[in-house]
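Each reported figure results from applying straightforward, stated rules to the coordinates on display, with no laboratory input. Just so it is clear, the structure is predicted and the values come from calculations on it, not from any experiment. Please note: Cβ atoms are built from the backbone with ideal geometry, for glycine as well, and neighbour counts cover all protein chains shown.
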Amino acid sequence: MNLQGKVCIVTGATSGIGKETAKAIAAKGATVVLPIRDSLKGDILKDEILKQNPDAIIDLMHCNLASFDSIRNFVREFKIKYDKLHLLINNAGIWETKRNLSEDGVEMNFAVNHLAPFLLTNLLLDTLKDSSPARIVNVSSDAHRTGKINFADIELEKSFSSFKSYSQSKLANILFTKKLSQLLKGKGVTVNCLHPGVVSTGLFEKMPRLVTALMKPFMLTPAKGAETSIYLATSPEVEKTSGEYFAKKKPKKPAPEALRQDVANKLWDVSEKYVGL
């Protein structure tokens, strides 16, 4: 699929799956806007992409996904420069092993993995609708299968564990996708989410060494892990598909908890309050 003249945003592009996704989208001719917190890493990434593809159009723009103000500023700047957005790929993800807080005082995994894409996407919806057909791709994980949205203690102040926090945030990605697809019905914008596979990225550096040693032989390369993201972003096969969860470029049934409409509705309301929408 040729993306000449299309505008795409990819978050979390300085490493891993995001980097491979950005490279592939740029190779198809799109203008790729990369929200970057670390400008040095951004410059290195841009040089790497341009070395491989001198015709690539890469626009680095500052954004710290752990700050609601920074996300709002990014969107403001983006809308000054661009009047179209055809692809939004919410790829950025973290796995904090300790209970750290974002700039807004929110538990970090929940803030960056769920609230950041929730706010970013909502602020860009008008531009996406104006650019239809447009697509949103949310990177989730099969880790969601052990997750539960703990509304009584959503930031896990009383019972924090890194895996509980991470799996809750990945479940939130799917519930967000489900609810958003309902709100976008008939608007010319699709939204799908995916499990990239167990990929050898920086996310796993914080895991115990024994776990990573055991998992290493089964891990995918970032390029392999990016394949489903690229497929959902560009394939004509899924141009009408929305609200689905994918793995290995095929629809996959998520956990029963991810299909609960009551949980999706409540999470949406709670998320709006957090980000001030």
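Using the Cβ of Ile36 as centre and a radius below 12 Å, the other residues enclosed give a net charge of +1, where K and R count +1 and D and E count -1. Calculate log10 I(q)/I(0) of the chain for q = 0.09, 0.11, 0.13, 0.16 Å⁻¹, where I(q) comes from the Debye formula with a single equal point scatterer on each Cα and nothing for solvent. The calculated log intensity ratios at q = 0.09, 0.11, 0.13, 0.16 Å⁻¹ are -0.37, -0.57, -0.82, -1.32.
Ranked highest first by the average count of other Cβ atoms within 10 Å around their residues, in what order do 104-111, 90-97 fall? Mind showing how you got there, number by number?
Numbers: 104-111: 20.4, 90-97: 22.6.
So the peptides 104-111, 90-97, ranked by packing, come out 90-97, 104-111.
Return the percentage of antiparallel bridges among DSSP beta bridges fully within the chain, rounded to the nearest 5 %. The answer is about 10 percent antiparallel.
Straight-line reach from Lys23: taking Cα to Cα under 24 Å and skipping same-chain neighbours fewer than 8 places apart, the lysines in range are Lys6, Lys41, Lys46, Lys51, Lys79, Lys81, Lys84, Lys224, Lys248, Lys249, Lys250. Enumerate the lysines that Lys158 could reach by cross-link, defined here as Cα to Cα under 25 Å, with residues fewer than 8 away along the same chain left out. Hits, sequence-local ones excluded: Lys98, Lys148, Lys170, Lys206, Lys266, Lys273.
Highest mean first, the peptides 27-37, 54-64 sorted by other C-beta atoms within 10 Å per residue fall in the order 27-37, 54-64.
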